[in-house]
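Taken together, the values in this text are just the output of simple stated rules run on the coordinates, not laboratory data. Since the structure is predicted, the reported quantities are computational estimates derived from the model, not experimental observations. Glycine also receives a Cβ, built like all others from the backbone with ideal geometry; neighbour counts cover every protein chain displayed.
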Amino acid sequence: MQWLLTQAGADGLQLTQDGYLKPAVVRQAVSELGWDYRWPGAASRESQTPPVLVLRQQLQAWKLLRKSKGRLVLSPAGRKMHDGGRPLGLPRHRGGLPGGRGDGPGDPHRGPLAV
């Protein structure tokens, strides 16, 4: 979760014409979040890489990220979370989605939404 907030940062992330994360960001997420062992092939399209898609969609549902002028940007609550705070009303998830057991930061099965 924090990874995508950090990537969005102050300037946001440029989205594709269809509103998805760019392939380079998807590949980076899959690699840096340790999901590369789950998907054969390039795993470069958000629509074909469920953990990345679910992560972005959930952060948008929690109103931590929003789309603006072709970019994925931090919302005010997302900026607070990015800066180390915890927005009111955000549920505490240990395991996250999809499929993570979430036993701790070193758990290779930890889901993308763990906080």
Please go through the stretch 40-80 and give me each residue that is in contact with a Pro (Cβ under 6 Å, 6 or more places away or on another chain) and either hydrophobic (A, V, I, L, M, F, W, C) or closer than 15 Å to ASP18 by Cβ (or both), ordered by number. SER44, VAL54, LEU55, ALA77
Can you tell which of ALA29, ALA10, ALA43 is surrounded by fewer than 16 Cβ atoms within 10 Å (Cβ to Cβ) and of a type in the set (A, V, I, L, M)? ALA10
